[in-house]
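The structure appears right after this line, and notes come after that.
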Amino acid sequence: MRKIVIVFSIFTFITSSCGQKTKKQAVNETAAQFSVEDTVLNQIVAGNHTAEDTVRYQIGGKLFSLDISPSDSITVINTVYYQPKEGGLYREYHFIVHNRYSNAHFDFADTTLNTIYNSYMTKDWYREAYETYIKPGLDKIQSRLIDPAIKNFNGYWIYLKEHNGDYYLDDDWSWHSSFNIADSIFTNHYMDGPDPKKIVEAISIETGGISISFGGEPVRIELFDESRNIYRFIDGRQIHFIAPARAIHNFEIIQYTNNTGDLI
């Protein structure tokens, strides 16, 4: 479970001349509140450098899983500071990388996903499960109706993250959610490996998408933004925004870093 944290924005401490606390007072009170002599925190609050500078140049100490170039333009969208009973100040940053060809983008590329999916067949435990349970189960199910339009949806798909009305790749530390469509097979990628299902019916829908059934209530893939290849994935009451992996460079990416390496 994620630590209980205190979240605040550096902009809370920007004051006017209308009788409010001065910036120096805010710095002193903030340092006292966290009971820590943290130079970085004081510098950020005092405005000596931006949160983006802190991330980009790792001011104040090493930040983990930081895979950006100092030349990349970034915007910090959330900062988390937490003072544990023991140890130094915990610092966490969520930020948008505006470079649409960043290093992290290629973790979502269809070639990368294809390598990851296929790698499970080299693992004895998965290959045994596939040959013993998964493949025989797929062979027992017959497809009834597969619209030829399914070919327009074949390939790898990635889930997008919504932030302030826009959509981004999400470089989540715990998992990169994706799935694959290959004519009559729909494969989710879970932490214990790919989970293929036989498509029983696939029918085109008027909204520029397709309805896919595995024998029960269908899921729907509906076109949302044609210019950026954004679709809505509707599974019962759950709605996710997705895009084909070939469209990854249409999106900026949200990344995460902290100064401990603990899972965010």
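Values in this text are rule-based calculations from the coordinates and carry no lab data. Keep in mind it's a predicted model, so treat the numbers as computed, not measured. In this analysis, Cβ positions are derived from the backbone assuming ideal geometry, glycine residues included, and neighbour counts consider all displayed protein chains.
Summary of values
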item: Using a Förster distance of 41 Å, the FRET efficiency for S184-D67 (Cβ separation, nearest 0.05); result: 0.65
item: Label-point separation, S204 to K140 (7 Å along Cα→Cβ), nm; result: 3.4
item: Globularity index of region 103-250, i.e. its alpha-carbon radius of gyration over 2.2 N^0.38 Å; result: 1.06
item: Approximate spin-label separation Y57-W173, in nm, with each point projected 7 Å along Cα-to-Cβ; result: 2.5
item: Of K140/K197; K151/K198; K85/K161; K135/K198; K62/K161, pairs whose Cα-Cα distance is over 22 Å; result: K85/K161; K62/K161
item: Distance (nanometres) between label positions extended 7 Å along Cα→Cβ at Q238 and S213; result: 2.1
